[in-house]
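Reviewing the structure listed below.
The values are calculated or read from the model by the stated rules, or taken from the named source; none is laboratory data. Just so it is clear, the structure is predicted and the values come from calculations on it, not from any experiment. Note that we place each Cβ from the backbone using ideal geometry, even for glycine, and neighbour counts take in every protein chain shown.
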Amino acid sequence: MRLPRRPVTTVAATLLLLGLAGCGDLDAPDPRGVPDASGAPRPDGGRTAAATTASPTGPRPFTLVATGDVLPHTEIIRQAREDAGGDGYDFTRMLAGVRPLISAADLAICHMETVYGADGGPFTGYPSFKSPPQVARALKETGYTGCDTASNHTLDDGPAGIRRTLDAMDAVGLAHTGSARDATEAGRPALFRAGGATVAHLAYTYGTNGIPLPDGRPWAVNLIDRDRILADARAARAGGADLVVVSVHWGTEWQDAPNEQQLTLAKELAAGQGGGPSDVDLILGTHAHIPQAYEKIGDTWTVYGLGDQLAGHMFTYDGAEDPRGNWSSIARFTFVPPAAPGQRWTVGKAEFVPQVTDLGPPYRVLDLREAVRRDPGRVDYARALDHIRTVVLSRGAASAGLTMAP
């Protein structure tokens with residue numbers, strides 16, 4: 001990425017931990033990861049947090065939403081400082097515009113692209129990020145259940161950055177997958193309960209900007225490997241997961257169309273084994289900085305690129321500022337229970353919501369539908385909405401049932 005310019009009663013569900021790559025059975029719940037009845041983490045600190053709700057009357061439809069890259073550039077950090085009145089960092093006001101939509105979902109997944117610095121700083125933006133740990137609390141308060149943490153910036157501050165990031169997420173009860181503090185943690189996805197279903201979340205990245213994996217820590221961040229992803233998904237399914245969601249940090253920055261790696265890997269992940277259904281139910285892509293297409297491959301929905309949810313002024317490789325770097329989509333899928341024993345959960349409704357980071361000042365993430373309704377004279381909003389809709393539907397997703405949420 002380029003340098004930004006400076007100028008219905010719910011019941012908390014226990015999050016189980018699942019062993020992968022050769023471990024086919026559910027492990028016993030890790031007591032450090034069991035929340036109390038409010039969904040908050042235990043005082044002794046959990047590695048992950050509870051997900052969402054379960055119906056006392058049996059399985060029910062549930063909604064899953066997913067959003068793109070959270071990428072706090074220096075100017076975003078500065079805005080958080082201003083929003084906190086100069087005392088700490090408050091990212092909740094920047095995300096308040098999408099909180100109603102995110103918090104209304106049964107399961108909400110974000111992509112945390114950067115690692116966190118020590119409380120109090122120093123904090124840095126591009127090219128080597130260290131974000132304030134207060135980002136984690138803002139994500140939790142916005143309504144996110146968990147985030148994937150596998151990106152090309154995961155090793156920006158080595159193992160210490162990973163540890164601080166995951167510790168901060170644990171402290172607020174935000175689940176995570178894609179990077180790890182130890183080998184045991186690396187072998188376990190985030191596992192959620194929603195609508196009576198068990199949902200496993202896995203995450204991988206194409207690379208780490210040339211930073212080698214730390215000595216003795218080859219498990220620090222998950223790298224894309226087709227065979228490993230398929231094995232992990234298969235193990236999750238065999239271990240009890242009803243649904244498997246795979247987040248992938250991939251693609252070519254600033255390219256509207258998915259590249260060959262994305263197209264090939266998506267088809268391979270969506271292909272069933274031995275003629276059966278795929279073990280991967282949903283693929284969520286990040287990294288390209290701009291919104292990309294949705295496509296249904298077999299029964300597996302793929303979002304090639306969600307785009308940046310929160311970022312500063314974005315510039316292409318030729319130095320031109322590109323507003324697409326602040327446009328994105330929110331994916332929203334409604335999963336419905338199996339029609340009969342032995343069958344799979346399926347997507348009953350597929351939707352997207354256009355989203356924009358308004359660069360203000362102040363910087364604010366907005367539900368673009370609502371922004372256009374409030375201010376129909378904003379030509380830039382109308383242009384963004386039209387572009388997002390066009391790109392999202394560019395690979396035939398409308399014919400497969402995808403619609404823009406009303």
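For this structure, a couple of remarks:
- Residue match in region 222-236 (condition: farther than 18 Å from residue 261 by Cα and part of a loop (DSSP other than H, G, I, E, B)): no
- Within region 211-227, the set of residues being buried (at least 16 other Cβ atoms within 10 Å of the Cβ) and under 28 Å from residue 344 (Cβ atoms) comprises 222, 224.
- Qualifying residues in region 150-182 (those that are assigned to a loop (DSSP other than H, G, I, E, B) and among the polar types (S, T, N, Q)) - the one nearest to residue 131 (Cα to Cα): 154
- Tally, over region 194-210, of residues that are surrounded by 17 or more Cβ atoms within 10 Å (Cβ to Cβ) and within 21 Å of residue 112 (Cα to Cα): 9
- Single unsatisfied condition, residue 98 versus (1) outside any helix (DSSP H, G or I); (2) surrounded by 22 or more Cβ atoms within 10 Å (Cβ to Cβ): (1)
- In region 124-164, the residues that are closer than 19 Å to residue 109 by Cα, among the β-branched types (Val, Ile, Thr) and touching an Asp or Glu at 6+ places or on another chain (Cβ under 9 Å): 145, 149, 154
- There is at least one residue in region 374-382 that is in a helix (DSSP H, G or I), more than 19 Å from the chain's Cα centre (by Cα), of a type in the set (Asp, Glu) and modelled with pLDDT of 95 or more.
- Any strands (runs of 3 or more DSSP E) falling wholly within region 238-311 and containing at least 1 residues that are surrounded by fewer than 19 Cβ atoms within 10 Å (Cβ to Cβ) and of a type in the set (D, E, K, R): 294-297
- Flag if residue 118 is within 20 Å of residue 331 (Cβ to Cβ) and surrounded by fewer than 24 Cβ atoms within 10 Å (Cβ to Cβ): no
- Restricting region 314-358 to residues that are among the acidic types (Asp, Glu) and assigned to a strand (DSSP E or B), the residue that is surrounded by the fewest Cβ atoms within 10 Å (Cβ to Cβ): 321
- Scan of region 138-161 for residues that are charged (D, E, K, R) and either touching a Phe, Trp or Tyr at 6+ places or on another chain (Cβ under 8 Å) or more than 20 Å from residue 67 (Cα to Cα) (or both), ordered by number: 156, 157
- Inside region 64-88, residues that are touching a Lys or Arg at 6+ places or on another chain (Cβ under 6 Å) and surrounded by fewer than 24 Cβ atoms within 10 Å (Cβ to Cβ) make up a count of 1.
- For region 341-356, the criterion of a residue being aromatic (Phe, Trp, Tyr), at pLDDT 95 or above and over 15 Å from the mean Cα position of the chain (by Cα) is satisfied by at least one position.
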